[in-house]
Amino acid sequence: TYKMLDDSKSKTKEPETKINQQKGIKSSAPKLTKVIDKVYFKKVQIDIFNDFAGFIFILIGSILLVKCARQFKLAILTSIAGLIVHGIMFAIPFIINGIDLVNASFFIGMIYLAINIVTIYLVSAALLRMIPGPWCRDERKWCKILWFASFASQCLATFTFWLGSDFGMLKTLSWVIFGFTIFIQLAFWYIYMRAKDYIKRTYEKYYVKTNN
């Protein structure tokens, strides 16, 4: 639900109001701002593209492949940070309300978006390190291009989703961009898996020989 908040400073304008009343001048109407008052949850929907599940899978995969590249170690830290911030985002409506909730949501949302981008970059860079050499040059080139396109579309989808709450057309555009982002990520994995033989060779280099 929403409420209208008086954004004018009543203490500083009180003397001016008395003077205007004595002179017979009508005071201007107070400036009202629409803010979130309370948050209610009605129908619970399951999001199959939930970031929480994504961070868990990235965390598990980074732990299993931590020996293959140094970036996997950093991805473990950013995944844990993403899980913590994700929990804060769901808990904050039960802690604060009003204009404080709006400001805090925007600030935490920007941090959450940055963690998403950094985590995806670290995992992508670590995976590309598992296909070294000139024989995988084309795969690395296209994976880098697709990563940048995914980064740009993810940022664009996030901001259009935020603005889509007030503009219906932008909300429709957000879903189109979101679908394009999924397509880019699937294309990334398709091209990356073309070098699965070299991925297997790198994995055996760090794990099979070490265990033996």
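A few points about this structure:
- Residue count for the stretch 177-196 under the criterion of being among the aliphatic types (A, V, I, L, M), surrounded by 13 or more Cβ atoms within 10 Å (Cβ to Cβ) and more than 15 Å from the chain's Cα centre (by Cα): the result is 4.
- In the stretch 179-193, the qualifying residues are those that are of a type in the set (Phe, Trp, Tyr) and in contact (Cβ under 8 Å) with a residue 24 or more places away in the chain, and the one that is farthest from residue 141 (Cα to Cα) is 180.
- Within the stretch 60-87, tally of residues that are outside any helix (DSSP H, G or I) and of a type outside the set (Val, Ile, Thr): 5
- Entry remark, the stretch 88-129: residues being small (Gly, Ala, Ser), part of a helix (DSSP H, G or I), more than 13 Å from the chain's Cα centre (by Cα) and surrounded by fewer than 16 Cβ atoms within 10 Å (Cβ to Cβ) number 1 in total.
- Among residues of the stretch 58-75 being within 22 Å of the chain's Cα centre (by Cα) and surrounded by 16 or more Cβ atoms within 10 Å (Cβ to Cβ), the one that is farthest from residue 115 (Cα to Cα) is 61.
- Condition met for residue 138 (farther than 17 Å from residue 85 by Cβ, charged (D, E, K, R) and in the same structural domain as residue 67 (by TED's automatic domain parsing)): no
- Total residues in the stretch 139-156, condition aliphatic (A, V, I, L, M) and without any contact (Cβ under 8 Å) to a residue 24 or more places away in the chain: 3
The values are calculated or read from the model by the stated rules, or taken from the named source; none is laboratory data. Keep in mind that this is a model prediction, so the values were computed, not measured. Quick reminder, even Gly has a Cβ in these numbers, built from the backbone with ideal geometry, and neighbours come from all protein chains shown.
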